[in-house]
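Any read-out appearing in this document is the output of simple, stated calculations on the displayed coordinates, not a laboratory observation. As the structure is a prediction and not an experimental result, all values here were calculated from the model. In this analysis, Cβ positions are derived from the backbone assuming ideal geometry, glycine residues included, and neighbour counts consider all displayed protein chains.
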């Protein structure tokens, strides 16, 4: 279904598929696999970042079961709870510039990574 989803939508509507609609379709596939013996072959959480003309930039997160949600800022992985807490505290709706967003990302990575010093490789 996935490889043909985008071309079919483009052919039918003459425009790219909206971000949330694509995420919904992918998560429906992930969720369908949980119905057969409780298996979750995808086994990963994913972040989807997209843009469309109706809603602009969008960020979605899905878990292995196919459950998804939209976010202003989020993360997954080691120490994600601490990182999300920092993002909730420091993210300023409508005030973020690219420079301040990068500074916040570096701050969160610096505080939550299991290394003593950030380097270009990390």
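Some notes on this structure:
- For region 1-71, convex hull volume per residue from C-alpha positions, Å³: 80 Å³
- FRET efficiency, 1/(1 + (r/R0)^6) with R0 35 Å, evaluated for residue 63 and residue 96 via beta carbons: 0.85
- Separation in nanometres of the label points that stand 7 Å from Cα toward Cβ, at residue 88 and residue 36: 3.8 nm
- Computed from Cα atoms, the angle from the helix 80-90 axis to the main principal axis of the chain rounds to 70 degrees.
- Peptides 84-91, 10-17 ordered by average Cβ neighbours within 10 Å, highest first: 84-91, 10-17
- When all alpha carbon pairs of the chain are counted in 10 Å bins from zero, the resulting P(r) reads 11, 32, 31, 21, 4, 0 %.
- Summarising the label geometry, the points placed 7 Å from Cα in the beta-carbon direction at residue 11 and residue 24 lie 2.2 nm from one another.
- Once the chain from residue 110 to residue 53 is taken as fully extended at 0.36 nm per residue, the excess over their C-alpha distance is 17.1 nm.
- Tilt relative to the chain, helix 19-33 - C-alpha long axis, 0 to 90 degrees, to 10: 70 degrees
- Over the chain, dividing the summed -39,500 (n - 2.57) contributions of all DSSP H runs of at least 4 residues by the number of residues returns a 222 nm mean residue ellipticity of -14000 deg cm²/dmol.
- In the chain, the longest principal axis of the Cα atoms and the axis of helix 98-112 are about 80 degrees apart.
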